[in-house]
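First comes the structure, then the notes that go with it.
Since every read-out is calculated from the coordinates, none of them should be taken as a lab result. Please read these numbers as outputs of a predicted model, since none were measured by experiment. Every residue, glycine among them, receives a Cβ derived from its backbone with ideal geometry; neighbour counts consider all protein chains shown.
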Amino acid sequence: MNWDIIGHRWAVEQLRASIQAGSDAHAYLIGGPPGLGKALLALRIAQALNCESSPGDPCLSCRACRRIAHGNHPDVRLASMERQAAGLKAEEAARQKELKIATVREWQRDIALRPYEGRRRVLLLHDAERLSEEAANAMLKTLEEPPPHATLILVANSTDLLPTIVSRCRVLRLRPLPRQQVAEALIARGVAAADAALLAAWSGGRIGWALALLDDPEALARRSAQLTDLLAIHAEGRGAGMRWAEQRAKEYRGGEQETVFAWLELWQGWWRDVLLIAAGSPEGVVNIDRHTELQQAARRHPLPQIFDFVSRIGQAAQQLRENGNPQLVLENLALHLPRAAM
Ligand SMILES: [Zn+2]
């Protein structure tokens with residue numbers, strides 16, 4: 001198979017067979033947590049539908065495959081939060097929480113057009129979990145009866161969408177890959193075995209996340225420094241925690257929401273590891289390079305306290321996503337930092 005996708009073999013096989021048999025769907029929903037390779041799979045579907053030399057099994061080298069990969073094929077169109085916010089100032093862009101009805105309308109006008117040079121017109125809609133209710137309702141008719149020359153592909157970071165949307169799509173739910181598979185893929189790209197094991201553990205099976213990190217060599221060092229910062233906050237106590245909360249809240253309001261979510265994820269990963277060690281099941285530990293510190297933390301905190309903080313971090317992230325006040329949410333989290341029983 002030519003799809004050049006790591007993992008998700010069941011999805012590739014199903015797509016390939018249906019495209020070759022002409023029984024492919026007119027609307028797909030690719031769902032799953034961020035960093036699993038959903039966007040790449042969507043791109044491959046567009047290529048498989050329009051490849052000039054081997055339909056169903058994209059050659060990745062013909063003119064159509066290459067133009068689709070570079071985002072400049074006239075029959076493959078993309079809408080996303082990023083596109084919607086293009087041209088806006090950073091703070092304005094940060095305030096955009098939903099895919100608006102205007103974005104969907106524009107997308108719909110595009111769908112109506114016949115293909116210029118490909119076989120099918122492919123419309124990709126990223127961030128579909130952020131469709132406003134109004135925009136989602138506007139899409140229903142198109143999903144129900146798409147023009148015969150069009151394929152619609154919704155990509156969403158959850159499959160928690162309006163049931164009326166989900167039921168009109170062929171749903172592909174992607175799952176995290178086994179740690180071993182991520183490590184092997186990294187080693188095949190020239191990563192040293194020890195680094196690959198660490199990255200694979202950190203990735204939680206999100207292959208796209210791990211590969212993106214390879215393009216950013218500083219990212220590993222940055223992550224490690226951030227974790228060291230978080231542990232220092234913990235050692236220093238609540239004053240340091242409050243300063244940390246204030247800084248993150250400022251970043252959040254300045255449009256760097258994803259940076260703040262990354263901090264929370266890192267922190268939660270750390271405390272989840274402490275929990276695993278305290279509970280005597282270290283196999284799932286993510287921060288495999290920090291065993292000594294993890295064991296120390298596990299010894300110093302009672303299990304319920306660790307458990308409580310892990311869930312508080314998750315709640316804080318959820319409150320931010322639901323538009324909670326960043327300063328209040330993060331300060332409240334810092335106030336509940338577990339205190340070590342020496
Ligand atoms: Zn091709």
In degrees, nearest ten, helix 303-321 long axis to first principal axis of the chain (Cα): 40 degrees
Most mobile listed residue (31, 284, 190) in the chain, GNM with C-alpha springs under 10 Å: 190
Fully extended contour minus Cα-Cα distance, from residue 321 to residue 265, at 0.36 nm per residue: 18.8 nm
Positive-end extreme of charge dipole, the chain - chosen from 234, 161, 270 (charges on Cβ): 161
Footprinting exposure proxy for 1, 139 (fewest neighbouring C-beta atoms within 10 Å first): 1, 139
Unit charges at the beta carbon, dipole of the chain: most positive-side option, 214, 259, 1: 1
Dipole in debye (nearest 20) - segment 190-274, about Cα centre, beta carbon charges: Lys, Arg +1; Asp, Glu -1: 280 debye
Cleavage-rule hits (GluC sites (Glu not before Pro)) in segment 286-342: DSSP loop, at most 14 neighbouring Cβ within 10 angstrom: 322
Net length gained if the chain between residue 140 and residue 23 were fully extended (0.36 nm per residue, minus Cα distance): 40.0 nm
Exposure proxy ranking, count of Cβ atoms within 10 Å, fewest first, for 256, 91: 91, 256
Positive-end residue, the chain charge dipole about Cα centroid, Cβ charges, pick of 284, 294, 146: 146
Gap separating the Cα centres of segment 27-96 and segment 270-337, nearest whole Å: 36 Å
Residue order, fewest to most surrounding Cβ atoms within 10 angstrom, among 67, 170: 170, 67
Relative contact order of the chain, pairs being alpha-carbon contacts under 8 Å that are 6 or more residues apart, as %: 17 percent
Cut-off under 5 Å, modelled amide H: who pairs with residue 29 long-range: 154, 170, 171, 172
Amide H partners (placed H, <5 Å) of residue 59, local residues excluded: 53, 54
The chain - charge dipole about Cα centre, Lys and Arg +1 at Cβ, Asp and Glu -1, debye rounded to 20: 380 debye
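Could you give the size of the charge dipole of segment 1-136 about its Cα centre, using +1 on the Cβ of each K and R and -1 on the Cβ of each D and E, expressed in debye and rounded to the nearest 20?
260 debye
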Spacing of the two label points (7 Å from each Cα toward its C-beta) at residue 170 and residue 256, in nm: 4.3 nm
